[in-house]
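See structure below.
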Amino acid sequence: MAEDIMPAPPSDKPVYRFAPSPNGFLHLGHALSAFLNHDMAAANGGRFLLRIEDIDLARCNPEFEAAIYRDLGWLGLRWEAPVRRQSEHFNAYHAALDRLTDMDLVYPAFLTRGEVKAKVTAYEADGKNWPRDPDGSPLYPDDDRHRSGAERRRLIADGVRHAFRLDMKKALALVAAPLNWTETGDRSRGEIPADPSVWGDVVLSRSDAPSSYHLSVTVDDAAQGITHVVRGLDLFEATAVHRLLQELLGLPQPVYHHHRLVVGADGRKLSKSEGSTGLAALRDQGLGVGDIRCILGL
């Protein structure tokens, strides 16, 4: 049975969520986000939810998921049950993708990373700049967008691996008013203009994952009735894509709060490979919850 993608009934309380991926151990950056969500929910008489974003089955594993519960419990955080796990809601993401496909906004994309890189390299060899998204990655070429239906069906029948991408131009043409979102975070506040076109034709689903981050997080936030999304500044620009998907799918928009990032000695955002900042390692060194809050400036 297909899972409904309708949003949860409105809550009489604000709803916050912390949504880690179990593909590594939590570090100080995760602790900051978890604390902020938990503390803001408590301060506003709201609810605090936990979501396990395990859509990438190849990289996520039960060991890391168990460590998430252990680390958050050690931090003194409590969340509502049951925990939403993305791997249990593939049907919801498929339903959202089907709806966008029925709107003629999705197309199969066959170019490999190597083929895209070759096209970009050849283009820039003449001194021109290939357009890039806010993360610095080249925008996807338009080859597949212009393939005929017959050619697409032939490639799929031949077993050519492909992803499904959103036709950004078509999608934006269906949005009547300019997009924006309400921001209360550390970079800026107020109504922020949203321009998803800077991301090009984003991936919605690929052969090794039934849903992209953009699609699954949009569906999940609506399904859980999230009213306030509190997350790192590295996802500030991606909010434009989420606002577009919310409009296309008829889903409510939360208030967004993008907080500062915790950086390492090299000035770069922490990664799960940095064991020295892992919560388990810090716990083993004898640090307490108060120490963690102090390190984070809380």
Could you give the size of the charge dipole of the stretch 86-213 about its Cα centre, using +1 on the Cβ of each K and R and -1 on the Cβ of each D and E, expressed in debye and rounded to the nearest 20? 280 debye
Where does each of Asp201, Asp98 land when they are ranked from fewest to most other beta-carbon atoms within 10 angstrom? Asp98, Asp201
Once you list every other residue whose beta carbon is under 11 Å from the beta carbon of Ala194, what net charge do they have if Lys and Arg are +1 and Asp and Glu are -1? -4
By per-residue mean of other Cβ atoms within 10 Å, what is the highest-first order of 240-251, 287-298, 214-225? 214-225, 240-251, 287-298
Please work out how much length the chain gains when fully extended from Thr101 to Glu88, using 0.36 nm per residue of separation minus the C-alpha to C-alpha distance, in nm with one decimal. 2.5 nm
Helix 90-102 vs. the chain, principal-axis angle (Cα, 0 to 90°, nearest 10): 40 degrees
If r is the Cβ-Cβ distance from Leu155 to Arg78 and R0 is 35 Å, what FRET efficiency results, to the nearest 0.05? 0.10
Roughly how tilted is helix 113-124, in degrees to the nearest 10 and between 0 and 90, from the longest Cα axis of the chain? 70 degrees
May I ask what percent, to the nearest 5, of DSSP beta bridges between residues of the stretch 168-289 are antiparallel? 55 percent
Provide the gained length on full extension for the span Ser137 to Cys294, in nm with one decimal, where the gain is 0.36 nm per separating residue minus the Cα-Cα distance. 52.9 nm
Placed amide H near Arg85: partners under 5 Å, 5+ positions off or other chain: Ile52
From the phi angles alone, apply the Karplus equation (6.51, -1.76, 1.60; θ = phi - 60°) to the stretch 210-217 and give each ³J(HN,Hα) in whole Hz, x where the residue is Gly or Pro. x, 7, 7, 4, 4, 6, 5, 5
Restricting things to alpha carbons, tell me how big the chain is in terms of Rg and Dmax, in Å. 20.3, 63
Karplus couplings for the stretch 279-287 from phi (6.51 cos²θ - 1.76 cosθ + 1.60, θ = phi - 60°), rounded to Hz, Gly and Pro as x? 5, 5, 5, 5, 5, 5, 7, x, 6
As a footprinting exposure proxy, order Val198, Val203 by other Cβ within 10 Å, with the fewest listed first. Val198, Val203
Projecting the Cα atoms of Val175, Gly288, Gly114 onto the charge dipole of the chain, where Lys and Arg contribute +1 and Asp and Glu -1 at Cβ, the residue farthest towards the positive end is Gly288
If you put +1 on each Lys and Arg Cβ and -1 on each Asp and Glu Cβ, how big is the dipole of the chain around its Cα centre, in Debye rounded to 20? 180 debye
With unit charges on the beta carbon (Lys/Arg positive, Asp/Glu negative), name the residue among Ser211, Ala238, His258 whose Cα is farthest towards the positive pole of the charge dipole of the stretch 196-298. His258
Rounded, prolate or oblate: which one fits the stretch 223-298, using the alpha carbon gyration tensor with axes a ≥ b ≥ c (rounded when a/c is under 1.5, else prolate when a/b beats b/c, else oblate)? prolate
Once both axes come from the Cα atoms, what is the angle between helix 62-74 and the longest principal axis of the chain, in degrees from 0 to 90, rounded to 10? 40 degrees
Helix-derived mean residue ellipticity, 222 nm - over the chain, DSSP H n ≥ 4, -39500 (n - 2.57), to 500: -10500 deg cm²/dmol
Estimated dipole of the stretch 199-283 in Debye, rounded to 20 [Cβ of Lys and Arg +1, of Asp and Glu -1, Cα centre]: 320 debye
Spelling it out for Arg206: with amide H atoms placed in the peptide plane at 1.01 Å from N, the residues 5 or more places away or on another chain with amide H under 5 Å from its amide H are Phe164, Ser211
Among beta bridges that DSSP assigns inside the chain, antiparallel share in %, nearest 5: 55 percent
Under 13 Å from the Cβ of Glu124, count the other residues' Cβ atoms, weight Lys and Arg +1, Asp and Glu -1, and hand me the total. +3
Springs between alpha-carbon atoms under 10 Å, Gaussian network over the chain: tell me which of Ala92, Ala265, Ala209 tops the mean-square fluctuations. Ala265
Links that overshoot a 26 Å alpha carbon limit, given the list Lys117/Lys169; Lys119/Lys170; Lys13/Lys269; Lys13/Lys170: Lys13/Lys269; Lys13/Lys170
Calculated diffusion of the stretch 10-96, Stokes-Einstein form, Kirkwood radius summed over Cα pairs, 4 °C and 1.567 mPa s, µm²/s: 95 µm²/s
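Readers should treat all values here as calculations from the given coordinates under stated rules, not as data from a laboratory. These numbers come from a predicted model, not from an experiment. Please note: Cβ atoms are built from the backbone with ideal geometry, for glycine as well, and neighbour counts cover all protein chains shown.
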